[in-house]
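Coordinate-derived values only; no laboratory data. Since this is a predicted model, take the numbers as computed values, not measurements. Glycine also receives a Cβ, built like all others from the backbone with ideal geometry; neighbour counts cover every protein chain displayed.
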Amino acid sequence: MTPLVLLDYAAVLVFALTGALVASRAQLDIVGFAFLAGVTGLGGGTLRDVLLDRPPIWVADQTYLGVVTGAAVLVFFTAHLLESRMKAILWLDALALGVAVAAGAGLAQRLGQPPAVVLVMGIATGCAGGLARDVVANEVPLVLKQGELYVTCALAGSLATVLAVGVGAPPALAAALTALVTIGLRAGSLALGWRLPVYKPRPPRV
Amino acid sequence: MTPLVLLDYAAVLVFALTGALVASRAQLDIVGFAFLAGVTGLGGGTLRDVLLDRPPIWVADQTYLGVVTGAAVLVFFTAHLLESRMKAILWLDALALGVAVAAGAGLAQRLGQPPAVVLVMGIATGCAGGLARDVVANEVPLVLKQGELYVTCALAGSLATVLAVGVGAPPALAAALTALVTIGLRAGSLALGWRLPVYKPRPPRV
Amino acid sequence: MTPLVLLDYAAVLVFALTGALVASRAQLDIVGFAFLAGVTGLGGGTLRDVLLDRPPIWVADQTYLGVVTGAAVLVFFTAHLLESRMKAILWLDALALGVAVAAGAGLAQRLGQPPAVVLVMGIATGCAGGLARDVVANEVPLVLKQGELYVTCALAGSLATVLAVGVGAPPALAAALTALVTIGLRAGSLALGWRLPVYKPRPPRV
């Protein structure tokens, strides 16, 4: 199994956990858990594959479907052990974001896409699953939460892939760096309040 | 015309009716009716075709576009005759769900996809149109309504396709069984309150 | 550069401006501006390209990514100069709608698609970016605002492409006519209250 495939599995698993946790907050049944786990876990990779005109990962390899189902079952029976499901969602989402960005940017890189496309694929793969989860579950998308870094982390991570491969780093190292940068920035935003200046009109207007 | 194509037409027509009924609740004009009818009627099949890398059904055969337009016009001029549009939406949606699941799972089966992919394609084809309708119209998605079976019905129906074809049933019989199982479960949920146990944390937490 | 490519650039740019303006209303940071500008600017063309099984415009030509980023930066630093950002969004969106419909219908026409598909591609290209913007930013979709023409404008514009090409007009003239019809209708709806009769049930029911 190549590192890229391992990354894909990891991203799918952790995003699926967040989807199932959101399902637990909505008090759905086990199939609802699996549905949201699937949308969240497979959304980003599916979008990337459709855009790159490849068969979706889970059509080519059905193990992914087992992974999201397993994540759903696990959360259904153990989520009550968590002290705060919201906190678990935020931190697992940060982890999944990092791994998914590494997988998405890495794949685009390996397919020989130019740097700008690598950046977009990293962002799309990282953000689409969580965005779909939040839109479907009618929660405020993490992607657009004001005063937090999110897309910025995915962008910085994808940039790490481009730069690392540019200076000749092996793909596995580039992927590790990418995940580290993405997760590190997101963790800094969640725990320490790191942020970029937000738009503020001088005199308030509509 | 093969049975699969007939199923596709039927699913598109009935889903389009539900889209137009939602448009009537939002008091849109006739073009808004056609837009929501099209999104709902063609959403599921289009998603399935994009995922399976086939041209969308309505690009290959424009009759589908006539069907959704016809459904929109019909509803625009007759919806006021209905006693309850909400009830009509729920029951037509149940009917459309069953037919769409049969069409989606049946096509994936005929293309030689493995069982897990057949299940997902049945669910995606069945649920995507209604989900798009509800997200666009800003209604609570039927897919995620707490305490009702919805995705479960699509899953059970798709399973019926896999099992029926597995034991050698002809495609038409498998499709009929699939629609029956899906609609039966959904009807039981709507009329008799059938449901799966939902997730409930022992002590309430956030 | 062909007229169709110029149209695509213009539609992407103006839609990106509206996405960035919506981001300013949500008080996002500069990366959030670029994200919403990208979703809005590239959403319609990407949908069209996926449906027509072509690589998305911005994978084939990364200038588009520069265009949406530039639009985001521009708006981030100048939006406070606008008297009403809501008004700017509405009118830029009208302009973008017209250009995008011309680009979408024109491309479908050039690829030899039948008239019904040309109509749908014009509507999808014109409406998908703004719809994605509004769904992601949790605003009421312009597409479905009651008592305004929106999809109708896209439909009329696409019809202009079909008719103009049908009577032998050169593509550039057809595109100009399409944009004119679409923008004119939308402007009439915004400024003069043009509208189609909306659905109204005789006795109010649920």
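When C:LEU196 is represented by a point 7 angstrom out along its Cα-to-C-beta vector, the spacings to that point in the other copies are 4.0, 4.0 nm, nearest first.
Selection among B:ALA20, C:GLY44, C:VAL118 by position relative to the dipole of the protein assembly as shown gives B:ALA20 as farthest towards the positive end (Cβ unit charges, Cα centre). Mind running the shape call on the protein assembly as shown? Use the C-alpha gyration tensor, a ≥ b ≥ c as the square roots of the eigenvalues: rounded below 1.5 for a/c, prolate if a/b tops b/c, oblate otherwise. Rounded, since a/c falls under 1.5.
Annotation: amide H of C:ASP61 has no partner in the under-5 Å range at sequence separation 5 or more or interchain, hydrogens built in the peptide plane. Once you have a ≥ b ≥ c as the square roots of the Cα gyration tensor eigenvalues for region C:58-100, tell me rounded if a/c is under 1.5, and otherwise prolate or oblate according to whether a/b is larger than b/c. It comes out oblate by the Cα gyration axes.
With each label modelled as a point 7 angstrom along the Cα→C-beta vector, the B:MET86-C:ASP53 pair spans 4.4 nm.
Fewest-first ordering of B:ASP93, A:ASP49 by other beta carbons within 10 Å of each residue's beta carbon gives A:ASP49, B:ASP93.
Please average, across the residues of C:123-133, the number of beta carbons from any other chain that are within 10 Å of each residue's own beta carbon, and give a whole number.
Whole-number average of other-chain Cβ neighbours for C:123-133 is 1.
For B:LEU111, the label point sits 7 Å beyond Cα toward Cβ; its separations from the matching points on the remaining copies run 1.7, 1.7 nm, from shortest to longest.
Highest mean packing first, where packing is the average number of other Cβ atoms within 10 Å per residue, the peptides B:115-121, A:26-32 line up as B:115-121, A:26-32.
Post the alpha-carbon centroid distance, region B:142-206 to region B:1-69, in whole angstrom. Value for the Cα centre distance between the two parts: 22 Å. Note that region A:47-55 has calculated 3J(HN,Hα) couplings of 4, 4, 5, 5, 5, 8, 6, 10, x Hz, one per residue in order, obtained from phi through the Karplus relation 6.51 cos²θ - 1.76 cosθ + 1.60 (θ = phi - 60°); glycine and proline are x. If you take the square roots of the eigenvalues of the alpha-carbon gyration tensor of chain A and sort them as a ≥ b ≥ c, do you get rounded (a/c under 1.5), prolate (a/b over b/c) or oblate? Oblate.
Each copy carries B:LEU82; placing its label point 7 Å along the C-beta direction from Cα gives inter-copy distances of 3.8, 3.8 nm, listed from smallest up. Phi angles of region B:87-96 translate, via the Karplus equation with coefficients 6.51, -1.76, 1.60 and θ = phi - 60°, into HN-Hα couplings of 5, 4, 4, 4, 7, 5, 4, 4, 4, 4 Hz per residue; Gly and Pro are given as x.
Do any of B:LYS145/C:LYS87; B:LYS200/C:LYS145; B:LYS145/C:LYS145; B:LYS145/C:LYS200; A:LYS87/C:LYS145; A:LYS145/B:LYS87 go past 31 Å between their Cα atoms, and which? From the list (B:LYS145/C:LYS87; B:LYS200/C:LYS145; B:LYS145/C:LYS145; B:LYS145/C:LYS200; A:LYS87/C:LYS145; A:LYS145/B:LYS87), the Cα-Cα distance tops 31 Å for B:LYS145/C:LYS87; B:LYS200/C:LYS145; A:LYS87/C:LYS145; A:LYS145/B:LYS87. Charging the Cβ of each Asp and Glu at -1 and of each Lys and Arg at +1, and nothing else, the dipole of region B:3-192 about its Cα centre rounds to 200 debye.
A cut-off of 5 Å between modelled amide H atoms, ignoring neighbours fewer than 5 places along the same chain, links A:LEU28 with B:TYR199.
When only Cα pairs below 8 angstrom with a gap of at least 6 residues are kept, chain A shows a relative contact order of 23 percent.
Rounded to the nearest Hz, the phi-derived 3J(HN,Hα) couplings of region C:136-143 under the Karplus curve 6.51 cos²θ - 1.76 cosθ + 1.60 (θ = phi - 60°) are 5, 8, 6, 9, 5, x, 3, 3, where x marks glycine and proline.
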